[in-house]
Ligand code: PMP
């Protein structure tokens, strides 16, 4: 992925894609002092861009560092990047990390670097699997207790167990894995939130111990607009047998129907497909009122 053409915004400048490198003694690489975002542009406009850049700032603050660029500056950098890359529908990846001046756990005075890359990424899951619902494994690892890890930060370090879980699932033929929380309740997938349907009502785990996804919040709004009752609560794994529909939400995953979680099966139904359509409509750039 480091040999593509184009440019990457790197510490305030556009550099050739292949030259956007870090030193091997980068603190973010050794100690996980790194946060990132995942955004999507539709029709040339990043959906909820400001919310994503605010979350990037917040993620860094939780890890104890401050980004040297404002939300406005990051918004403008992204917009210019899309133009320079000639991208209209794209995935956008801002990342921020502590640099390489000091080596050791303490790195108080290391430079904070920020980069933004963008590329075409039409579908997070294989389109043919997505249409009939993806299959999820149950992860061996659990999401960490908020008293153990900064679970509200989109911190690179928290993705170590996600990658282990996703690889294990893929090696068994699944598309992804569903993870429980530290108390054994249903939490989220390795890069997306999860929803269930029972008797026309939407159930989703309370997002007080993992990332409250921007897509999750959007889908909750869309469901309420449709008059669907939404119940945010602790969900026990054994309750999965009582749900008829299941789907994932995330910037990359968008709204993705799920057909299996371990031994439990689901069928993409009216609510999943309705919210999938609503989400696609919602992310389209809004035309100015005068048009
Ligand atoms: N949980 C995790 C672990 C994620 O990586 C993501 C993707 N950022 C989400 C949930 C969904 O968040 P969002 O809808 O803001 O993309």
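What follows draws every value from the coordinates through simple rules; no lab data is involved. Computed from a predicted structure; not experimentally measured. Counting neighbours? That spans all protein chains shown, and the Cβs are built from the backbone with ideal geometry, glycine included.
Using a 10 Å cut-off on Cβ atoms, rank the peptides 99-110, 263-274, 171-182, 29-40 from the highest mean neighbour count down.
Working: 99-110: 13.6, 263-274: 16.5, 171-182: 19.1, 29-40: 20.8.
Top of the packing list down: 29-40, 171-182, 263-274, 99-110.
Antiparallel DSSP bridges in the chain: what percent, to the nearest 5?
Of those bridges, close to 80 percent are antiparallel.
Could you tell me the ratio Rg/Rh of the stretch 198-291? Both radii from Cα atoms, Rh via Kirkwood.
Details: Rg = 14.3 Å, Rh = 14.3 Å.
Rounded to two decimals, Rg/Rh equals 1.00.
Round to the nearest 0.05 the FRET efficiency obtained for residue 265 and residue 164 when R0 = 35 Å and r is the Cβ-Cβ distance. Walk me through the intermediate numbers first.
Working: r = 25 Å, r/R0 = 0.73.
Step by step, r from the Cβ atoms, then E = 0.85.
Please determine, in degrees from 0 to 90 and to the nearest 10, the orientation of helix 214-225 with respect to the longest principal axis defined by the Cα atoms of the chain, where the helix direction is its Cα long axis.
Compared with the principal axis, the helix lies near 40 degrees.
So what is the calculated 222 nm ellipticity per residue for the chain, using -39500 (n - 2.57) for each DSSP H run with n of 4 or more, over all residues, to the nearest 500 deg cm²/dmol?
-8000 deg cm²/dmol
Round to the nearest 10 and give me the degree value, 0 to 90, for the angle of helix 160-171's Cα axis relative to the longest principal axis of the chain.
50 degrees
Going highest first, how would you order 47-59, 10-22 by mean Cβ packing within 10 Å?
Working: 47-59: 19.5, 10-22: 13.6.
Sorting 47-59, 10-22 by mean packing, highest first, produces 47-59, 10-22.
Would you mind telling me the antiparallel percentage of the DSSP bridges in the stretch 121-280, rounded to 5? Display every interim value, and only then the final one.
Values: 18 of 28 bridges.
So the antiparallel bridges in the stretch 121-280 amount to around 65 percent.
Could you quote the convex hull projected area for the chain, Cα atoms only and averaged over all directions, in nm²? All intermediate terms of the calculation are to be shown ahead of the outcome.
Details: hull surface 64.4 nm².
Computing the convex hull of the Cα atoms and averaging its projections yields 16.1 nm².
Cα centroids of the stretch 1-26 and the stretch 119-147: how far apart, whole angstrom?
28 Å
For the stretch 127-283, list log₁₀ I(q)/I(0) at each q in 0.09, 0.11, 0.13, 0.17 Å⁻¹, using the Debye formula over Cα point scatterers of equal strength and ignoring solvent, two decimals each.
-0.25, -0.38, -0.54, -0.96
Which angle from 0 to 90°, rounded to the nearest 10, does the C-alpha axis of helix 71-85 make with the longest principal axis of the chain?
90 degrees
Just need the relative contact order of the stretch 138-291 here, percent rounded to a whole number, with Cα pairs under 8 Å and 6+ apart. Please list the in-between numbers first.
Values: 253 pairs, mean separation 30.5, N = 154.
The normalised contact order for the stretch 138-291 reaches 20 percent.
Apply 1/(1 + (r/R0)^6) to the Cβ-Cβ distance of residue 236 and residue 123, taking R0 = 30 Å, and write down the FRET efficiency to the nearest 0.05. Mind showing how you got there, number by number?
Numbers: r = 31 Å, r/R0 = 1.05.
After rounding to 0.05, the efficiency reads 0.45.
Over the alpha-carbon set of the stretch 7-119, divide Rg by the Kirkwood Rh and report the Rg/Rh ratio to two decimals. Before the final figure, lay out each step's value.
Values: Rg = 13.9 Å, Rh = 14.3 Å.
Reported Rg/Rh, Kirkwood definition of Rh: 0.98.
Out of 65, 247, 195, any idea which swings most in a Gaussian network model of the chain, alpha carbons joined below 10 Å?
Maximum among the listed residues: 65.
Convex hull over the alpha-carbon atoms of the stretch 46-98: what's its volume per residue in Å³?
Values: hull volume 4.0 nm³, N = 53.
Convex hull of Cα atoms, per residue: 76 Å³.
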